[in-house]
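Read the figures in this text as sums done on the coordinates, not as results from a lab. What you see is a predicted model, and the numbers here were worked out from it, not measured in a lab. Neighbour counts are summed over all protein chains in view; Cβ atoms, including those assigned to glycine, are modelled from backbone coordinates with ideal geometry.
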Amino acid sequence: MLRELSVRNLAVIESVTVPFGPGLNVLTGETGAGKSILIDALTLLLGERAQTDAIRAGAEAATIAALFEVEPKGPVAALLGELGYAPEEPLILRRELSRAGRSRAFVNDAPATLALLERLGEALVELHGQHEHQALLRPARHLDLLDGYAGLLPLREDLRRRYEEWATLEAELAGLSEADADRARREGLARTAIEEIDAARVAPGEEEELRVERRRLQHAERLFEAASEAYASLYDDPASAVTRVARAAARLRDLARVDERLAPVVEGLEAASVQLDEAARSLRGYRDGITVDPQRLEEIERRLDELGRLKRKYGETVEAVLAAREARARELETLGRGEERARELTARLAEIREALERDALALSRRRERAARELARRVIAEIGGLGMADAEFRIRLHREPASQGGLAAGPERWQVGPRGVDQAEFLFAANPGEEPKPLTRIASGGELSRTMLALKVLLAQHDAVPVLIFDEVDAGIGGRTADTVGRKLRQVARSRQVLCVTHLPQIACYADHHLRVEKAAAGERVRATVQPLGGEERIREVARMLGGEAVTDSSLRHARELIAAARARAAK
C-alpha cells in the first residue's frame, strides 16, 4: 500500500507531501490544479523516462519519494530479495532529477537503476487511464488476466516448469549427439591432458614456494654477508651493541640507588640488552642456515619452466592447471557414459513431451470456457459503466509447430512455456462495429472503464497492491458515474485504489478524499494538497456539484450523496 508521496520542484508543485490510506483514495480539484501531475510524479518514480522541462522553473533539481507498506512474505518482498535488497518494512523509493539531465534512484537509500525501479513499479502499482502505462494495451498480459480469472496460474506454472525441464534436457541431448562424431578425438585429448598434468605432479601453492626459494638461493652470498656483518655489530665485536648496552646498564644501575629517576632508564637498557641478545642469536642461526647451492637453483629453474609450459597450455595459474585436469576428468566421465545418458534423456523427453502435449491441450480447453465466461461477465459489467452497447471478446489463437518442435492436438499447435494459446482482448464501443484489439481504442475513459470491469472480476486473483485510475470518469455522468464509484469502492475492498476524478458521484465513495489546489504565490503558481474530512469534504463535493458558488442547496445535495454512498457501500 502507498502510504505517502512527496514531490519537490516538479512542474507547478513546489513541495507537497500527500498522505494516502487503505481503500479508495480520491483526488479532486479544478482542471489544471495539478492532480495528474501527482500521478505523473509516481510514474517517474517507478521508472518512467524524464524530461528536464518537467523540473519546476527556477529549480535545478526535482525529487520524488514514496513510502510503501510491503507484506513481509508477499510478492514485492520476494522481488526485493531477488534483486538483492533487504525486504524492509516500510519500503522507501526515491528519485532525483537534475536539470543537467542526470537521474539518480534509490531503494531504501541504496542506489538503484531505472530498470530496477520499473520492475518494482510493475509489482507495486498498476495505472489506468493513459495509454502508455496500461497493461490492457499489452496483449502479452491478456493471457495472464484470463488465467488469473480462471484460476489457471498454478497449472500454467507447472506446465512452465515441465517445459523448461524439456528444453534443458533437449539441449543436453543435442550436445551429446553432436559429441558422438567427435567422441574419440575428445577422449584422446582429455586423456593426454590428464596424463601430462599427473606426470608433472603439480601441487597447489608449489610455484610460489619455488619462487621464494629461488630468490633466497640467487642472493645467498649477499644474505650471508649481511647477516654476518649484522651479527658482528650486535655481538662479536669488542664494541658490539650488546656489550655497550650491558656496560651502560651496569654503570647506571649503581647510580640509580643515588637518584631513583634513573631506575626506568636502567630497566629499559636491561630490556634492550635482552632483546639485542635474542636478535643476535636469531641472526647467527639464520646465517648458519644459509647455503649456496647452484645445483638446487638449477633444479628450481627447470621446475618453474615446466610449470610455465603447463600454464601456457591449461591456465594462467597452477590452480587453473589443476582445475583443467579435473574438467578433463569430468569430460572423460561424461563421454564414457554418453550413450547411456542419451538413452536416459530420450526416454525422459518422451515422457515429458507426452505430459506437455496432454496438459497444454487440457489448459487450452479450460481457457476457451473461461474466455467465454469472462467476456460475458465483462460485457455485463461495462454495461453498467455507461457502455451498454459495447462488445467485448477474448480471442485465443495458436501457432503451427515448427519441424521437430513440441506440438499438441491434431492441428499440431506449437507448445510453449505458457501452453499453446495466445490471448487478445477485442473491443467495440458501438453496435454494429467489429470488435478490434484494445490497442486501437481511442478513448482513455473507455479503456479505463474496461479495466475497471476486469478488476472487479479479477480482484481476488491480482497481486498488484495499488491501482490508479486517472480517466475513468471521461464522458460519463449521472447514474453511470454512481456505478463507477460503487465499482471503484468494490475493488478497493481488496486493493488500495487511487482515483483522479471531476465527478461528485465518484468522489462521494472515497475512504480518503484529497483536494488539489493551485494558487498564486507572488509571481509564481504552486500546487497544494489538502486531506478533507467532515464539512470540508462536503463543501468540496458541493463545489463539484455546482461550481465555485457553493449554495445551501448544493451543500444539502452533497450531504445526501455522501450519506447515500456510505449506505450503499455498507451493504
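Starting from the 7 Å offset along Cα-to-Cβ, what nm value, one decimal, do you get for the label separation of ARG222 and ASP305?
Between ARG222 and ASP305, the label points sit 2.4 nm apart.
Just want the answer: with Cβ charges of +1 for Lys and Arg and -1 for Asp and Glu, which residue in ALA388, VAL70, LEU24 is farthest toward the dipole's positive end in the chain?
Value computed over the given set: ALA388.
Restricting attention to the stretch 404-444, which GluC sites (Glu not before Pro) occupy a DSSP loop and are surrounded by at most 10 other Cβ atoms within 10 Å?
In loop regions of the stretch 404-444 (DSSP not H, G, I, E or B), the sparsely surrounded GluC sites (Glu not before Pro) are GLU411.
Pulled fully out, how much extra length does the chain show between LEU210 and SER494, if you take 0.36 nm times their separation in residues and subtract their Cα-Cα distance?
Here the answer is 95.2 nm.
Please state the charge dipole magnitude for the stretch 1-131, taken about the Cα centre, from unit charges on C-beta atoms (+1 on K and R, -1 on D and E), reported in debye and rounded to the nearest 20.
Value, rounded to 20: 320 debye.
FRET efficiency for GLU298 and LEU255, Cβ-Cβ distance as r, R0 = 45 Å, nearest 0.05?
About 0.15, to the nearest 0.05.
Counting alpha carbon pairs within less than 8 Å and at least 6 residues apart, what relative contact order, in whole percent, applies to the stretch 190-334?
41
Just want the answer: with Cβ charges of +1 for Lys and Arg and -1 for Asp and Glu, which residue in ALA200, PHE469, ALA362 is farthest toward the dipole's positive end in the chain?
It is PHE469, whose Cα lies furthest towards the positive end.
List the trypsin sites (Lys or Arg not before Pro) within the stretch 1-92 that fall in a DSSP loop (any state other than H, G, I, E or B) and whose Cβ has at most 12 other Cβ atoms within 10 Å.
ARG49, LYS73
Mind checking the dipole of the stretch 190-334: about its Cα centre, +1 per Lys or Arg Cβ, -1 per Asp or Glu Cβ, Debye to the nearest 20?
Dipole size: approximately 180 debye.
Counting Lys +1, Arg +1, Asp -1, Glu -1, what net charge surrounds GLY404 among other residues with beta carbon under 12 Å of its beta carbon?
Every neighbour counted, the sum reads +1.
Okay, which of the stretch 320-357 sit inside 17 Å, backbone N to the point 7 Å along the Cα-Cβ direction of THR168?
342, 344-353, 356, by backbone N distance to the label point.
For VAL274 and LYS313, what does the FRET efficiency come to when R0 = 60 Å and r is the distance between their Cβ atoms, rounded to the nearest 0.05?
In this case the efficiency is close to 0.60.
With contacts defined as alpha carbon pairs under 8 Å and 6 or more residues apart, what's the relative contact order of the chain in percent?
22
Might you report the magnitude of the Cβ-based charge dipole of the chain about its Cα centre, with Lys and Arg at +1 and Asp and Glu at -1, to the nearest 20 debye?
So the magnitude is around 2040 debye.
If you take the beta carbon distance between ALA567 and GLU4 as r and set R0 to 35 Å, what does 1/(1 + (r/R0)^6) give as a FRET efficiency, to the nearest 0.05?
For R0 = 35 Å, the calculated efficiency reads 0.70.
Tell me the mean residue ellipticity at 222 nm calculated for the chain from its helices only (DSSP H runs of n ≥ 4, each -39500 (n - 2.57), averaged over every residue, nearest 500).
It comes out at -18000 deg cm²/dmol, rounded to the nearest 500.
With Cβ to Cβ distances under 12 Å as the rule, what net charge do the other residues near PRO531 carry (K, R +1; D, E -1)?
In short, -2.
Can you compute the modelled spin-label distance between ALA380 and ALA320, with each label point 7 Å from Cα toward Cβ, in nm?
Here the answer is 6.9 nm between the modelled labels.
Excluding same-chain residues fewer than 8 positions from LYS487, which lysines have a Cα within less than 24 Å of its Cα?
LYS35, LYS455, LYS571
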